Structures are given as C-alpha cells and as structure tokens.
Amino acid sequence: MMYKTDALLLKGTDLGESDRLATLLTADRGKISASFKGVRKAGARLSAAAQPFCFAEYVLAEKGGRYTVTQAALHDGFYALRTDLTRFYAACAVTEVCDRLAYEGLPCGPLLVAAAEALGALEGDTGEHAKGVLVRFLLAALAFAGYPVRAAECAVCGEKIAGRRYFDFGRGAFTCTSCAEGVPASESTYLSLRAALRGEAGSADGDLRALRLLKAYFAACTEAELPALGEFLKL
Ligand SMILES: [Zn+2]
C-alpha cells in the first residue's frame, strides 16, 4: 500500500550500515516510524529529506504496519536552523514537544501546522525572537493536547488581576492576590502569555519567564520533560 502525506521529520536514528529510522509527524495518522533505505550512502537520493526539521511530502510504502520512504518532495528543509545554537535548540524544542504529544493513529493536523509555522518563523529570524516564537508554539501545542493556558481574569473569582498573581497548574490559568491558588508568577510572565495568546510579541524578559513556566506546566500535565527546551533556556 502506498501512502502519500505531508510530514515533519522529528528525529532519526541511524540503523545498520546505511539506513535511518525516522519519526514523522503526519496530519492524519499522527506520529509514525518510517525507514529510509541506503540513505547514508554518498549521493543518496533521499538524504536531504531524511534530516531532522525537514518538512516534505513523503511517499511511503506500507507493509505489515511498517513504513519505508520511497520518495520525498521537500517543502522546506529549514537548513538555516542548523547554523546557530540558539535557533538549533529552539527548533529541537519544537520537534521534542511534537514527539511528546503525538501518538500513532491520533490525527495531529493543528500540531503539524503550528510546528511548521514555528520552524518557519525561527528560520526567518536571527534568533532574537526565538523565545516569543516558542511561547506561541507551546501555547498552541498545549491547547492541541487539551491543556489550554488562559491569561485573563482570575480563574477562581473572575476579578481582574492586579497586584500579585499566581499560576494554577491544575487550571492552566492565573489567580489573583486574594484567591492566591498556585505558584507565584511575575507580571511580565502574565503579560507575555497574554500577548502570545493574542498572537502578539511579549517582552524578552517576559518571554523567558513564560517559557520557564510553560516548561513546568508541560511537565505537570504530561509527566514528560523537555530537555532541549531546557538547553535552550540555558543559552
Ligand atoms: Zn481571585
């Protein structure tokens, strides 16, 4: 059976002398494993499409639940993302989040779109806005996974938030000084998340703090850590 699909290559492991086993994120079948035969030989036809971050239309041969890539037409290789550490780790954080949230058989259209948009935004940037791109991507990914974040009125009493604020991991939302449920959160964190939810840019400091909060929230919701995001935050 042939299966043709747009997919983002999340990661790959070298197998045997010249093969590679890759994890692909597809819209309709979710995360699948596919092998590239002979792709590490010099001049191999599919080598460009077998790299992490590649977004391509792949043609796969399916046999007994196993996939082998037979053709690929690149939409974008996102090569610039390998040229500096900031954008490289930011891109790794994007593919890592997809890898944690996607499953085989779970349709992942919105996650695939958000990931391709984030990689495109990172490629078109010098790395300066990478934090903001990651904040917006994480919010989209968490919403896709059923853990949306809200940054509006207090999640308990509904009053406008002024003064000290708290982030409640159980609700994925902020609470006010009087209700004080959750962990203390800075005003810049709140403002950056609020801006990102509207698709706007936040402050550099706020985006950094928002990413730390989202990393902890992601771990609380999914019980999965994000080491590449951790490396990015250390830069
Ligand atoms: Zn309140």
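The values are calculated or read from the model by the stated rules, or taken from the named source; none is laboratory data. As the structure is a prediction and not an experimental result, all values here were calculated from the model. For neighbour counting, all protein chains shown are included, and Cβ atoms are generated from backbone atoms with ideal geometry for every residue, glycine included.
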Does at least one position in segment 175-190 carry a residue that is among the charged types (D, E, K, R) and in contact with a Leu (Cβ under 9 Å, 6 or more places away or on another chain)? no
Between L21, L60, which is under 21 Å from A228 (Cα atoms), surrounded by 14 or more Cβ atoms within 10 Å (Cβ to Cβ) and among the aliphatic types (A, V, I, L, M)? L21
Given D6, D14, D28, which one is outside the structural domain of Y103 (by TED's automatic domain parsing), more than 21 Å from L119 (Cα to Cα) and surrounded by fewer than 21 Cβ atoms within 10 Å (Cβ to Cβ)? D14
Hey, among V39, V59, which residue is more than 30 Å from A216 (Cβ to Cβ), in a loop (DSSP other than H, G, I, E, B) and among the hydrophobic types (A, V, I, L, M, F, W, C)? V39
Conditions (1) more than 14 Å from the ligand (Cβ to nearest atom); (2) within 22 Å of E223 (Cα to Cα); (3) of a type outside the set (K, R); (4) not in a loop (DSSP other than H, G, I, E, B) -> F174 fails only (1)
Please find, among V183, V156, V149, the residue that is among the β-branched types (V, I, T) and within 21 Å of E117 (Cβ to Cβ). V149
Note on segment 169-182: residues among the hydroxyl-bearing types (S, T, Y) and surrounded by 14 or more Cβ atoms within 10 Å (Cβ to Cβ) are T175
For segment 141-158, indicate whether the set of residues that are of a type in the set (K, R), modelled with pLDDT of 95 or more and farther than 29 Å from R87 by Cβ is non-empty. yes
Condition met for S47 (modelled with pLDDT under 95, surrounded by fewer than 17 Cβ atoms within 10 Å (Cβ to Cβ) and outside the structural domain of P148 (by TED's automatic domain parsing)): yes
Quick check on this structure: which one of V113, V97 is at pLDDT 95 or above, of a type outside the set (K, R) and in contact with a helix residue (DSSP H, G or I) (Cβ under 6 Å, 6 or more places away or on another chain)? V97
For segment 177-235, which helices (runs of 4 or more DSSP H) that fit wholly inside it have 2 or more residues that are more than 30 Å from L10 (Cβ to Cβ) and either at pLDDT 95 or above or within 16 Å of the ligand (Cβ to nearest atom) (or both)? 187-197
